[in-house]
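The values are calculated or read from the model by the stated rules, or taken from the named source; none is laboratory data. The structure displayed is predicted, hence computed values, not measured ones. Because the Cβ atoms are built from the backbone with ideal geometry, glycine has one as well, and the counts that use them run over all protein chains shown.
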Amino acid sequence: MNNNPVALVDRSLYFTIGFSFFFLFAITVVMIWFVVRYRRSRNPVPSDIRGNGWLELAWTVIPTCIALAMFVSGWQAYMGLRTVPDGAMEINAYAQMYSWIFVYPNEKETENELVVPMGTPVKLIITSEDVLHSFFLPAFRVKVDAVKGMETYVWFYPDREGEFVFHCTEFCGTGHSSMDGMLSIVSPEAYQAFLEEEDDE
Amino acid sequence: MHRVSYGTLSAVLGVLLVLTGLTVAVSYVDLGAFNVWLALGIASTKASLVLLFFMHIRDEGRLVVLSFLGTVLFLAIMIAFTFCDVAFRGHIGI
Amino acid sequence: MEPVRSFFDTPSPSRYSGALSWLLTTDHKRIGLMYLFVILFWFVVAMFLGGGMRLELMFRGRTLMGPESYNALFTLHGVIMVFLFIIPGIPAIFGNFFLPIQIGTDDVFFPRLNLLSWYLYIIGGLLALVTLFIGGPPDTGWTFYVPFSVGTQTNVSVAVFAAFVLGMASMLTGINFVTTVHRMRSEAMGWLQMPLFTWSIYATSWVQILATPVVAITLILIILERFLGVGLFDPARGGDPILYQHLFWIYSHPAVYIMILPGMGVISEVITVFARKPIFGYKAMALSSIAIAVVGSLVWAHHMYTSGMSDTAVFVFSLLTFLVAIPSAIKVFSWVATLYKGSILMTPPLFFSLCFIYLFSVGGLTGLVVGAAGADIHVHDTHFVVAHFHFTMFGGTGFAFFAALHHWWPKMFGRMYDFKRAYWAAVLITFGFLLHYIPMFILGLQGMPRRYYDYVAEFEAGNFVAGFGAVFMLVGLLLMLVNLLISLKRGTLAPSDPWGGTTLEWKTLSPPPLHNFVETPDIADYPYDFTDVVRDSSGDGGGV
Amino acid sequence: MKPAMDDRGKRLGMWLFLYTEVMLFGGLFVLYAVYFSMYASDFMAGGKELDRFFGTVNTVILLVSSLAVAASITAVQRNEKRASVVWLTAAILCGALFLINKYFEWSHKIHEGIYPGSDDLIYGEPGRNIFFGLYYIITGLHGIHIVIGMALLGVALLFTIKGRITGDNHVFLENAGLYWHLVDLFWIFIFPLFYLVL
């Protein structure tokens, strides 16, 4: 699937971090070189340089352009995360102190355990029963706050089978750090079997 | 410092009272969303009169006039930027 | 000629002596020093709270404390560091002490108000202390997000009130400084002859005046909600919890510029002095301070990309966030360019400043990652963000604070400290800092959320390493403070201009007399003209 | 160095303080604006429940008190101490009258079961709860400012009587006046926003 937001987010991350490393390296090397080269014992008389209009203009304009490029890549990634493809499967998620409840299209419920079939985009519609929580699924780069009285959503494309951990990232009390769970991406057949299986309770 | 005569002060009070009457009067006329803007417009006029004649803002020089306007502008921006959020919730994209 | 007595020996007002001559003083220098010691006290307290958190996190599961204590620890670490150390740090200590001197005057405009601010600061601090012992320490994080802060049973009201009082103190200091700069600047000193440190404090003061009241009212609303249950932020009663976040960040984002701008001012002073060279692009530097103050006030909602606010707001605030990066970048470039063809003398303050440039650059550049809307979604509320703001706030403001301490210590106390220990301390702090926070960047990218008491197995290595960094840092910080304190007793006497500075504080005695100057100082046309300094020192090898 | 009496500087300090007050109320006005856009009809219904007559009378009272304060400064500048004392007393009385009115208004509403956290509000329309919540918080905060303003004017009155405020030295009175006018300014906006929403 093209335009998978995971790729867009990673592109934005690499782009920004790559430029950052370059600038950091350049600044540090130049700084250390100046300090060594122009130490007082070697260069007792400083030059009286008070500024340079062209240079200042250049280091204003060029970073502005780079920053805008970073903004654009970030925004594209963000739009990728926000634009749910057609035919996404909707699952409701309810956050509460300190667990996640998922309700599947056929009313089946699970707690702290999310099972989805591979190959179908999933849209999680999230809300909170009490204080703020936040649904964070690092493997798919998605995160959104769960707010009481409001519906928010994330979507992701399960493109590989496996188990992925998700966390609560908005501080919600003593059990905050244990409010995590496991996303299992299974084959469509296994998912059907899972849906039809009786609730454990 | 500049002295303001009793006459000017009373005249200003007169205008303020008239404007108060006006704002109460227009609140009985249904103008839709325009009502709020009209009420705020009248209130701003009254506020300017108080600033100019009771608080002598002009005597304080450019710094105070500009920084006061700046403060009001900052407040306006605060409200406007908050509306970037609340007015567009539920839309996808810009 | 009779020797001039320093302000230490001349109480103001003169009718008091002993402790009262400090507690009731109106002398800006004494008030600055009173701030210095109280702020250092809070810094050490919060430092140990932070260290405790890191030690708890070194191993999985419960090691030192339970989750309740851990939550209280990070809340108090944040509240104390933010409201009692970083925000007041440089303006209240060095702004108070040096702003009047740098503009050639004898005190701030409202000396008694200045003392009142100090007392408000003390009261705020005591209230923060009270929360530690009575009613259960708050466990909300320093952001006090609703609805959690309204519902939790711990002592949030007192903590919030403490922050309110501290806000008042900071606001009144801001009012005082703006009035001082406008009304008491030496008549010979035009706007573009003001030292850059003064410029930065001036810009900061405006932000303090305009932004602090917003958080004041927000905090009052929390208290009202807790006692009256109005429901302004409670969705069940028609409220919108996200609005709280707007109001909170309308102040608290500008607050990070309240924290960093004075630090940038310090760095500008230190680098020019030790490079013996005018600051590169004085006007750009002064203007960028103002630009940061203005644009920085318009980017608050970039803390809220995941909060459920509208995409339009994400667009606007992300764009503005990238624009506010530019003036900061200009400052970094100008500092480095100032070193070019200078005559650079390595000293502890310069060493701290160079570390500042490096660490702050890391902080600023990672700020671009969290400013980009899509990238931020992944790293928001993870250890990446924690590392990012510690690089700017600690690596930035903290190191600028240390640089200022070492730069102005001889002026404030008239004593020199031991250079060797100062370098060792700086190296230890920097090494510990990197060892502490770089693993946190990686943890964040891996997906470890912040404010986590416990974590899954894949985060073990990073947390283990970071714990060692914390220990190195603690040792380094203690060494630095001890070194400075020892100098008060054993340090050699400092001359009036130990480094060869050009701004007015170097033209008076160390420590300065009560009215700051023995004779009215000359104001140079350009505040960083080192021609005389270079001429006077030719032949002495340029040593200190 | 500071000139012996820099009244302009002292007023500048006061103005800066007024900005902080503007932003303090500004935070509440942000809330008002957002909630008004969310619950326009509830706000209009709520506004009808407030007593317009009381509101208008209080507006007039505050405007008159502002005039009195401004006039007391003119009087002091003309060295008419007596007149200044009379004007100031009038202004303080106006403030008291305002508070008495407010007291009756509030107690009437509370009597009707409309107060923060009351069953009527909590279980009623959410917009109505927000409207009255804001009403109590904003007018309450304004009331506190009236009390502080009256205290400042009271001190100014005392200083005038004792002769510490004179034609040459009346910056304290001016600053107290600035504060009072600002409190009036807030009311000028609070009045239409709560009593006259349609």
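Values computed for the structure shown
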read-out: Residue ID - farthest from C:Ile90 (Cα to Cα), chosen from residues in segment C:1-33 that are crowded, with 21+ Cβ neighbours inside 10 Å and among the β-branched types (Val, Ile, Thr); value: C:Thr25
read-out: Some residue of segment D:102-111 being touching a helix residue (DSSP H, G or I) at 6+ places or on another chain (Cβ under 8 Å) and small (Gly, Ala, Ser); value: no
read-out: Qualifying residue in segment A:147-154 (condition: touching a residue at least 60 places away in the same chain (Cβ under 8 Å) and either in a loop (DSSP other than H, G, I, E, B) or in contact with a strand residue (DSSP E or B) (Cβ under 8 Å, 6 or more places away or on another chain) (or both)); value: yes
read-out: Qualifying residue in segment A:7-23 (condition: in contact (Cβ under 8 Å) with a residue 12 or more places away in the chain, within 7 Å of another protein chain (Cβ to nearest Cβ) and polar (S, T, N, Q)); value: yes
read-out: Test for C:Ile250: is it out of contact with any Gly (no Cβ under 6 Å at 6 or more places or on another chain), within 14 Å of chain A (Cβ to nearest Cβ), surrounded by 22 or more Cβ atoms within 10 Å (Cβ to Cβ) and in a helix (DSSP H, G or I); value: no
read-out: Check on A:Glu197, charged (D, E, K, R), at the interface with chain C (Cβ under 10 Å from one of its Cβ atoms) and either farther than 18 Å from A:Val84 by Cβ or more than 14 Å from the chain's Cα centre (by Cα) (or both); value: no
read-out: Lone qualifier among C:Leu287, C:Leu261, C:Leu232, C:Leu243 - being under 20 Å from A:Val131 (Cα atoms) and either within 12 Å of chain A (Cβ to nearest Cβ) or assigned to a helix (DSSP H, G or I) (or both); value: C:Leu243
read-out: Sole residue being closer than 21 Å to D:Leu28 by Cβ and outside any loop (DSSP other than H, G, I, E, B), chosen from B:Leu75, B:Leu52, B:Leu19; value: B:Leu75
read-out: Residues of segment A:25-56 classified as in a helix (DSSP H, G or I), surrounded by fewer than 17 Cβ atoms within 10 Å (Cβ to Cβ) and at pLDDT 90 or above, total; value: 11
read-out: Residue count, segment D:43-64 (criterion: out of contact with any Phe, Trp or Tyr (no Cβ under 7 Å at 6 or more places or on another chain) and either buried (at least 24 other Cβ atoms within 10 Å of the Cβ) or not acidic (Asp, Glu) (or both)); value: 10
read-out: Of all residues making up segment C:337-356, the number that are within 7 Å of another protein chain (Cβ to nearest Cβ) and crowded, with 24+ Cβ neighbours inside 10 Å; value: 5
read-out: Residues (farther than 21 Å from A:Glu170 by Cβ and under 31 Å from the mean Cα position of the chain (by Cα)) located in segment C:223-247; value: C:Ile223, C:Leu224
read-out: Residue in segment A:124-145 that is within 8 Å of chain C (Cβ to nearest Cβ) and either among the basic types (Lys, Arg) or more than 21 Å from C:Arg451 (Cα to Cα) (or both) present; value: yes
read-out: Total residues in segment D:115-130, condition touching an Asp or Glu at 6+ places or on another chain (Cβ under 6 Å) and buried (at least 18 other Cβ atoms within 10 Å of the Cβ); value: 2
read-out: Looking only at segment D:31-42, and only at residues there that are in contact (Cβ under 8 Å) with a residue 24 or more places away in the chain and at the interface with chain B (Cβ under 10 Å from one of its Cβ atoms), the one that is surrounded by the most Cβ atoms within 10 Å (Cβ to Cβ); value: D:Leu31
read-out: Scope segment A:155-171; condition more than 9 Å from chain C (Cβ to nearest Cβ) and in a loop (DSSP other than H, G, I, E, B); matching residues; value: A:Tyr157, A:Pro158, A:Asp159, A:Arg160, A:Glu161
